[in-house]
Structure formats: structure tokens, C-alpha cells
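Since the structure comes first, as C-alpha cells, the remarks are kept for the end.
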Amino acid sequence: MKTVKTYKLLRFSAIFLILLALDIIVLNKPELQDLRYITKPSLLSSLLIFFYFRSKHLESISRKLGMTALFFMLLGDILLMFVPNSENYFIAGLLAFLIGNSFYIALFFQRKTIRLKKFLLFIAFLLTYALTILFIIHDSLGSFFLPVVVYMIVMLNMAKAAFLRCIEVNTASYYLVLIGVILFLVSDTILAIDKFHETIPYAGTLIMLTYGLGQWGITLGVVKQAALKKG
């Protein structure tokens, strides 16, 4: 049974990485931009479908939290594709990601024991990181200042929640989720600096690569944890 589960995880991973590669190729080909309305949503859609079929051994609440988080990530992806038409789509996309991240926090914090004192160094690092990024981009935020600050707070809490999972989950699940969250954080950092500070070479490619791998890691990490618990 474990071999079959591992094989299915690897098979899906190969499919997802191919979809991610296709989206990045399309992203860098101006003449193929219309295809992004297919390739970009296919990433989170595939993760959502995979999670639905491979998370049936999760507790009901955990499964609902995971699927809802992925749904709002998908919604955020779709909304951000329309930002060239109106900046309102950026706020709408930000809100969708904020909601999705909040569901991730609820999913990660389903632990019985939290020993915050052991993680003061990590929390200090997160605060330093956030203040540094805010210092870099704050002059250009304008009306986006409050939404961006709120979003950063939620993202940092998601990172903290992922870090705290080490107390009660297996190693594979812990590191897949934690690395996934870190990649997600890197993706958002590149996006913020590129949009509000200065243009970053190959920003689109870097954003999608880190974001796609991040969401993949989070999804597989939660599924691996559930599969091990099922035993």
C-alpha cells in the first residue's frame, strides 16, 4: 500500500512539474499569452483535484481546510491575471490569497502542543524580514499600504504555523510544508519588490517557479502527513 501511495505521489509530481514548466514557457512567449488563461489555472486546479482524491483519510475538518485554502489560491491566481485591465484585480487577488493563507494557518495550527519559547529566534527572523521588505517598498505602496501590511501579517503567521508543525508531525511532512511555505514567501517577496520597488530580471519566471513549487510542497506535505497518520 505504501509503495502504491508513493508511486501515485511521484506520478502526480511529474505531471505537476510538466504543467509548471509549460506555464513558465507560455509566460515567456508573448505570442502565447492567451494560453496562460489555461496553463496558469491548471496548476492550482491540479493540486486541488489531487488533494481531493488523496486526502480522504484526513479528518473532515482538515480536509475541508486544505481544499478551501487551495480554492482561494486558485481564485487569487485567476484574479491576478486580469491586473493589466484594472488594479482593482490586484486587491481582489490579494484578498483571495489572504483568505487562502488564513485557511492554511487554521490547517497548520491543528496541533495539541505549541512551545513558543523554542521558536523565538524564528519569530525574530520573520519580523526582521517583514520590516526589511516593508522598508524597501513602503514609499511606493500608496493606497496599497494597509492591504499589503495585513497580507504580510497573515503570511508571517502562516510561516510560523508551518514552523511549529515540527512538534507533532513526521519529518517528510514537516519539511515539505515548511519548504513550500518558504518558497511561497520568496515568491511574494519577488512580486512585491518587482511591483513596488524596482524591476527584477525574469521576475515572472522566478515568481511562478517559487510559487508553483511552494504550493506543490505544501499540498504533498499535508497529504504525506495524513497518509502516515492513517498508517
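When you take every Cα atom in the stretch 77-173, what is the radius of gyration, and what is Dmax, the widest Cα pair distance, in Å?
15.8, 47
Can you give me the Cα centroid spacing of the stretch 193-214 and the stretch 72-103 in angstrom?
If we compute the Cα centre of each part, the gap is 16 Å.
What's the Cα-based Rg to Rh of the chain, Rh via Kirkwood?
On the way: Rg = 17.6 Å, Rh = 18.3 Å.
Across the chain, the Cα-based Rg/Rh ratio is 0.96.
Using just the helices of the chain, give the 222 nm mean residue ellipticity in deg cm²/dmol: DSSP H runs with n ≥ 4 each add -39,500 (n - 2.57), and the total is spread over all residues, rounded to 500. Don't skip to the answer; put the middle values down first.
Values: 8 runs with 183 residues, N = 231.
That comes out to -28000 deg cm²/dmol.
Taking only C-alpha pairs under 8 Å that are 6+ residues apart, what is the relative contact order of the chain in percent?
On the way: 244 pairs, mean separation 47.3, N = 231.
Relative contact order here is 20 percent.
With 10 angstrom as the radius, rank Arg11, Arg36 by how many other C-beta atoms surround their C-beta, starting from the fewest. Mind showing how you got there, number by number?
Values: Arg11 10, Arg36 16.
Lowest to highest Cβ neighbour count: Arg11, Arg36.
Order of 93-103, 127-137 by packing, highest average Cβ count within 10 Å first? Before the final figure, lay out the partial values.
Details: 93-103: 19.8, 127-137: 14.1.
Taking the mean over residues of other Cβ atoms within 10 Å, the ranking is 93-103, 127-137.
Quick note: the coordinates plus some simple rules give every number you see, no bench work behind them. Only a predicted model underlies this, so the values are computations on that prediction, with no experimental measurement involved. Please note: Cβ atoms are built from the backbone with ideal geometry, for glycine as well, and neighbour counts cover all protein chains shown.
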